[in-house]
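Inspection log for the structure reproduced underneath, given as C-alpha cells.
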Amino acid sequence: MYTQALNAKDAVVEAAGPEEAGRNGRFQARVDAEERIEPNDWMPEAYRRTLVRQISQHAHSEIVGMLPEGNWITRAPSLKRKAALLAKVQDEAGHGLYLYAAAETLGTSREELVDQLLSGKAKYSSIFNYPTLSWADIGAIGWLVDGAAIMNQIPLCRCSYGPYARAMIRICKEESFHQRQGYEIMLTLCRGTPEQKAMAQDALNRWWWPCLMMFGPPDAESQHSEQSAQWKIKRFSNDELRQKFVDATVPQGHHLGLTFPDPDLTYDEAAGHWRFGAIDWEEFRQVLAGNGPCNRQRMKQRRDAHAAGAWVREAAMAHAEKRARRAREATGAVAAAA
Amino acid sequence: MSTTSIALAESPLLALVLRRADDALILGHRLSEWCGHAPMLEEDIALANIALDCVGQARALYEYAAQVDGRGLTEDDFAYRREAHQYRNCLLVEQPNGDFAATIVRQVLFSAFIDPYWRAMMGSADAALAAVAAKAEKETAYHLRHAAEWLIRLGDGTAESRARVQAALDDLWPYAGEAFESDPAEAGLVAAGIAVDPASLRPAFDRTIARVLEEATLTRPTGSGAQSGGRRGRHSEHLGFILADLQYLQRAHPGAVW
C-alpha cells in the first residue's frame with residue numbers, strides 16, 4: 001500500500017542539540033494540538049524525509065498503477081465501461097500530478113522523484129506488480145485495491161502536513177467513486193453468465209491475498225510506525241487497517257455470491273471481526289525485492305516511456321527558450337527604437 | 001446468434017452519422033493507447049482527455065444512429081458488432097500512434113477538419129446533430145489548439161524534433177484529403193440543410209494548416225494527399241487489429257451483459 005513507505009527505516013539519525021530539542025518540542029506541540037504544518041514552517045528533517053518518501057511513493061504508485069488498468073482500456077467490453085476506465089486511469093495520472101506537487105512543497109523536485117522511481121531507488125505499491133489477466137481484474141482492482149487504498153487514505157486526510165492532507169481529501173473522493181465502480185463491475189459479472197461469474201471468482205482468488213499485503217507487514221515487524229504515529233502522519237497501525245478492510249470487504253464478497261480463497265476465514269461473533277488465515281509474507285518480501293510477476297515489466301514500461309519521451313521534453317524546453325529569447329529581443333528592439 | 005455482426009441498411013442520414021461516430025471512436029481508441037506511456041504526465045492527462053471527448057462524441061452519435069436505424073440497436077451494437085468493412089471512418093484516424101510527433105500530426109490534420117465541421121453543423125436542420133455539434137465544437141476547438149501548440153513546439157524545437165515531425169507530416173499527409181470527400185447521397189443531405197459539404201471546409205483547413213506550419217517552420221508536403229476508401233469500408237490493414245482488441249470480449253461472450 002501507499003503507506004508501505006512508512007515501514008522503511010530511516011538511515012540518518014537526527015542530531016539533537018538543546019536548541020534543536022526546543023524546536024522539536026514546539027513542533028510536536030503543534031502536531032499534538034492538531035495544527036496543520038505548512039511548507040514554510042520549521043519541521044524536523046526526519047519528518048520532511050518521511051513525508052517526501054511517503055508522498056512520492058504514493059505518487060509513484062498512482063503512476064505505475066496506470067499500467068495494469070490501462071492494459072484493458074482498448075478491450076473494455078462496452079463504450080460505457082471504456083469511458084469510465086479511461087476516466088479512472090486519467091484520475092490516477094491526476095493524483096500522481098498533485099501528489100508530486102505536494103512532495104515538491106517539501107523541497108524535492110518532480111524530476112528527482114521520477115529519477116528515484118526509474119533508478120529503482122524509490123518504491124511503489126507492491127500490488128501493481130500483479131498482472132491484470134481478465135476484465136474482472138478491472139472490477140477487482142476497483143473493489144479491492146481501491147478499497148484497501150481508501151482504508152489507508154481516509155486517515156491521511158487528517159495528516160499533520162497540510163498539503164498532503166488536502167490532496168488526500170480530493171483523492172479519497174475519487175477513490176470512493178472508483179471503488180463503487182469496481183464493485184458494480186463485479187456485481188454485473190456475478191449476475192451474468194457462468195463464464196462471467198467464474199471470471200469474477202478467479203479475479204478475487206488472485207487479488208485477495210496481495211490486497212491484504214498492501215497494508216504492510218504485521219505491527220510487530222513494522223519498524224517505522226511509531227514515529228509516524230507520533231507525528232500524526234499515520235494514525236492507525238497496519239494490522240488495524242487490514243482488519244478494518246477485511247471486516248468491510250468480506251460481507252461485500254458474500255453479497256456477490258463469491259467465496260474467499262481462505263479456508264480459515266471465519267466470523268468471530270464475540271469480537272465482531274472476520275478472522276483470516278496466515279498471510280504468506282515470503283511472497284510479499286519477494287515482490288518488494290523485485291521478484292513479483294510484473295516488477296520488471298512495469299519498471300521497463302515506465303523507463304521506456306520516459307526514454308521515448310526525452311526528445312519531446314527537450315523540444316518543449318528548446319522551444320520555450322526560443323520564445324523567451326525572441327520576446328527579449330523584441331522588447332530590446334522596441335526599447336532601442338524608442 | 002448475437003456474435004453475428006449486425007446488418008445495416010444505410011440511409012444517407014445513417015451513413016453520415018456513422019462517418020462522424022466512427023471517426024470519433026477510432027481516433028479515441030488510438031489516443032487511449034497512449035494512456036500511461038506519454039512523454040510526460042501532463043500529456044498522459046491531456047491525451048486521455050481528448051480520447052474521452054472522442055469516445056463521448058461517438059457514444060452520442062451511435063445513440064442517434066440507433067434512433068435513425070429504428071430497430072432497437074444500442075450504441076454498443078454499432079461499436080462491437082460491425083466488421084471492419086462496415087466501419088465508415090477515414091483512414092487517417094486509424095493510422096498507428098507512431099512516435100509522439102505522428103500522434104500530434106494526425107491530431108492536427110483531423111482537428112483542423114472536424115473543428116470547423118462541427119461549428120458549421122451547429123446550424124444543421126437536424127436538431128440531434130446540431131446538439132451533438134454544439135457540444136463537440138467546444139471540445140474539438142481545444143483538441144486543435146492543444147495539438148497545434150505541440151506541432152509548433154516540435155517543429156520549432158530541436159533538430160531532432162523538427163526532423164521527426166516533418167517526417168510524420170510527410171507520412172500522414174496522403175490521408176489528409178479524405179475528410180473532404182463526399183458522395184451523391186451526402187449531397188442530398190447538404191441540399192436539405194442537414195449536413196455541411198465537407199469540401200466547403202477545405203479553405204478553412206488550408207488556412208489553419210498554413211498558419212500552424214509556418215509558425216512550426218515546417219514544410220507543407222506536396223502531392224494531392226489521395227489515400228481514401230474508409231467511407232466505403234475500404235480500410236488500411238490497421239483497422240482489423242483495432243477491432244480485434246476493441247470487440248474481443250463482446251465477440252467471445254455473445255449476449256453477455258457487461
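The values are calculated or read from the model by the stated rules, or taken from the named source; none is laboratory data. This structure is a prediction, so every number in the text was calculated from the model and none was measured. Please note: Cβ atoms are built from the backbone with ideal geometry, for glycine as well, and neighbour counts cover all protein chains shown.
Assorted remarks:
- Test: A:Leu212 is farther than 24 Å from A:Pro155 by Cα and in a helix (DSSP H, G or I): no
- Filtered residue count, the range B:74-93, keeping only those that are within 12 Å of chain A (Cβ to nearest Cβ) and basic (Lys, Arg): 1
- The range B:33-73, subset acidic (Asp, Glu), assigned to a helix (DSSP H, G or I) and within 30 Å of B:Ser161 (Cβ to Cβ), residue farthest from the other protein chains (Cβ to nearest Cβ): B:Asp53
- Enumeration of residues in the range A:40-65 that are within 11 Å of chain B (Cβ to nearest Cβ) and of a type in the set (Val, Ile, Thr): A:Ile63, A:Val64
- For B:Ala210: the one exception among (1) exposed (fewer than 13 other Cβ atoms within 10 Å of the Cβ); (2) of a type in the set (A, V, I, L, M, F, W, C); (3) facing chain A (nearest Cβ under 10 Å): (3)
- If you go through the range A:143-176 and keep only what is closer than 18 Å to A:Ile127 by Cα, in contact (Cβ under 8 Å) with a residue 40 or more places away in the chain and within 13 Å of the chain's Cα centre (by Cα), you end up with A:Val145, A:Gly147, A:Ala148, A:Ala149, A:Met151, A:Asn152, A:Gln153.
- Residues of the range A:66-75 that are facing chain B (nearest Cβ under 9 Å) and within 13 Å of A:Gly142 (Cβ to Cβ): A:Glu69 alone.
- Of all residues in the range B:98-121, those that are in a loop (DSSP other than H, G, I, E, B) and either farther than 28 Å from B:Trp150 by Cβ or touching an Asp or Glu at 6+ places or on another chain (Cβ under 6 Å) (or both) total 0.
- B:Ala185 meets all of the listed conditions (1) modelled with pLDDT of 95 or more; (2) assigned to a helix (DSSP H, G or I) but one, namely (1).
- Failed condition for B:Ala112, given (1) under 14 Å from the mean Cα position of the chain (by Cα); (2) within 14 Å of chain A (Cβ to nearest Cβ): (2)
- Complete set of residues in the range A:17-31 that are closer than 17 Å to A:Glu226 by Cβ and either exposed (fewer than 12 other Cβ atoms within 10 Å of the Cβ) or at pLDDT below 55 (or both): none
- Single condition A:Met186 does not satisfy, out of (1) assigned to a helix (DSSP H, G or I); (2) more than 14 Å from chain B (Cβ to nearest Cβ): (2)
- Count of residues meeting criterion [surrounded by fewer than 23 Cβ atoms within 10 Å (Cβ to Cβ) and of a type outside the set (A, V, I, L, M)] in the range B:44-58: 3
- Among the residues here, A:Lys173 does not qualify as among the charged types (D, E, K, R) and crowded, with 23+ Cβ neighbours inside 10 Å.
- Condition met for B:Glu181 (within 14 Å of chain A (Cβ to nearest Cβ) and either buried (at least 18 other Cβ atoms within 10 Å of the Cβ) or closer than 30 Å to B:Ala9 by Cβ (or both)): no
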